[in-house]
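Novice: Pasting in a structure now, in structure tokens, and then I'll have a few things to ask.
The values are calculated or read from the model by the stated rules, or taken from the named source; none is laboratory data. Just so you know, these numbers come straight off a predicted model, no measurement behind them. Positions of Cβ are generated from backbone atoms using ideal geometry, with glycine treated the same way; all protein chains shown enter the neighbour counts.
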Amino acid sequence: VVRTVVRGTGSYLPAETLTNDDLAKFVDTTDEWIVERTGIKERHRAAPGEYTSDLAAEAARRAMAAAGVTADDIDLVVLATATPDNTFPATAVEVQARLGITRGFAYDIQAVCSGFVYALATVDAQIRAGMARRALVIGAETFTRILDWNDRTTCVLFGDGAGAIVVEAAEGEGTMADRGVLASCLRSDGRHKAKLYVDGGPSTTQTAGHLRMEGREVFKHAVGMIADVIEAAFAATGMTAADIDWFVPHQANKRIIDASAKKLGIDAEKVILTVDHHGNTSAASIPLALDAAVRDGRVKPGDVVLLEAMGGGFTWGSVMIRW
Ligand code: ACO
């Protein structure tokens, strides 16, 4: 049996941080409002001329260093992003070139905030199918570029960043036997498009457009959808909340995370939280949170780690991994 095992993680945040008080200088908002509704205290913003591919390539370099692999070892690069450098080619191809990877193939995945979960589930399927041996799975975003800074209901929520993991095929023997991706569950429902979307694009307006969101509507659906895919992961593995060592949710909003953990019976001490310092970095939020928890020693080999995300589309999904 081939398993998809995690070998290393990395992440990158742009140097500039914007606190809530920084935003309050040019947006009609307060630190108190933002913290109370979202748990966000600050977010990072890419510098002018710093693109999604730059963030992604740096996160990938750090993941490759942690994994002890070089460009020649990688035969698949999958980049989850809703803020690509260009309409085409895929930003993954740019990252592939930047890292000196010339073997295998590379492509982007577009599932907005669920992008990393979609990417990891897809890479796991491709590795188990024998299409690739060792992959970089990256989530990278520059959401500050698609925010309407005159819309206080959205512009305070998002930030820029990137995270990456190196995964590889393991033949399910010895110590590797019970490690790797244990279950994935992906869902989408396009009837919810109008609740969270970008009002531009190459085929419609020929502009990148701005993010539009009915925040209350998103909130209303989020917890139920998250619980649905986590229960599917529990059913697929025969595990329960008690078996989870670490819960690494998409970091959109602390209230959604707290409500999801509570509904599923996951202890608060098992929840990895970075939304306070990163804001919502869409597809980058889970690998950013994972890298933080690996580097500070919380996530260790053998731990059961549960990832979940929900976002524009709507899309939602979960991945369960034994680290
Ligand atoms: N600062 C101060 N006041 C604000 C701000 C702001 N930045 N934004 C809105 N307000 C005001 C509104 O104008 C409104 O004022 P009013 O009552 O005088 O009309 C009041 O605050 C309440 O507005 P609501 O939109 O009802 O506030 P709510 O409690 O729903 O919180 C929020 C808004 C934080 C967006 C919430 O709905 C939410 O978290 N939704 C989930 C959205 C999300 O996380 N999306 C991320 C993408 S999807 C995903 O990743 C899961």
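Novice: For segment 200-211, check the following and say yes or no: at least one residue is within 20 Å of the chain's Cα centre (by Cα), at pLDDT 95 or above and either basic (Lys, Arg) or within 30 Å of residue 294 (Cα to Cα) (or both).
Specialist: No, segment 200-211 contains no residue that is within 20 Å of the chain's Cα centre (by Cα), at pLDDT 95 or above and either basic (Lys, Arg) or within 30 Å of residue 294 (Cα to Cα) (or both).
Novice: Let me ask something additional. Can you find, within segment 193-221, the residue that is surrounded by the fewest Cβ atoms within 10 Å (Cβ to Cβ) among those that are within 9 Å of the ligand (Cβ to nearest atom) and hydrophobic (A, V, I, L, M, F, W, C)?
Specialist: 219
Novice: Considering only strands (runs of 3 or more DSSP E) fully contained in segment 1-63, which possess at least 1 residues that are within 26 Å of residue 320 (Cα to Cα), basic (Lys, Arg) and over 19 Å from the mean Cα position of the chain (by Cα)? Let's see the steps before the verdict.
Specialist: Details: elements: 3-12, 16-19, 42-45.
Result: 3-12.
Novice: Related question: Could you please find all residues in segment 217-247 being outside any helix (DSSP H, G or I) and of a type outside the set (A, V, I, L, M, F, W, C)?
Specialist: If we filter segment 217-247 for residues that are outside any helix (DSSP H, G or I), which is where we start, we get 238-240, 244-247.
Selection gives 238, 240, 245.
Novice: For the subset of segment 286-299 comprising residues that are more than 13 Å from residue 12 (Cβ to Cβ) and not basic (Lys, Arg), which member is nearest to the chain's Cα centre (by Cα)? Give the derivation first.
Specialist: First, the residues of segment 286-299 that are more than 13 Å from residue 12 (Cβ to Cβ): 286, 289-290, 293-294, 296-299.
In the following step, the residues that additionally are not basic (Lys, Arg) were identified as 286, 289-290, 293-294, 296-297, 299.
Working: 286: 4, 289: 9, 290: 9, 293: 14, 294: 15, 296: 19, 297: 20, 299: 17 Å.
So the residue we want is 286.
Conditions tested, residue by residue: (1) touching a strand residue (DSSP E or B) at 6+ places or on another chain (Cβ under 7 Å); (2) of a type in the set (Ser, Thr, Tyr).
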| position | (1), (2) |
| --- | --- |
| 11 | yes, yes |
| 18 | yes, no |
| 27 | no, no |
| 35 | no, no |
| 50 | no, no |
| 62 | yes, no |
| 66 | yes, no |
| 70 | no, yes |
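Novice: Of all residues in segment 268-294, which are of a type outside the set (Gly, Ala, Ser), touching a strand residue (DSSP E or B) at 6+ places or on another chain (Cβ under 8 Å) and part of a loop (DSSP other than H, G, I, E, B)?
Specialist: Quick first cut of segment 268-294, residues of a type outside the set (Gly, Ala, Ser) only: 269-278, 280-281, 286-288, 290-291, 294.
The next check asks that each one be touching a strand residue (DSSP E or B) at 6+ places or on another chain (Cβ under 8 Å); those that pass are 270-272, 276-278, 280-281, 286-288, 290-291, 294.
Once the filter is applied, which keeps residues that are of a type outside the set (Gly, Ala, Ser), touching a strand residue (DSSP E or B) at 6+ places or on another chain (Cβ under 8 Å) and part of a loop (DSSP other than H, G, I, E, B), segment 268-294 yields 272, 281.
Novice: Let me confirm something: among 218, 223, 229, 167, which residue is among the β-branched types (Val, Ile, Thr), under 30 Å from residue 18 (Cα atoms) and touching a strand residue (DSSP E or B) at 6+ places or on another chain (Cβ under 6 Å)?
Specialist: 218
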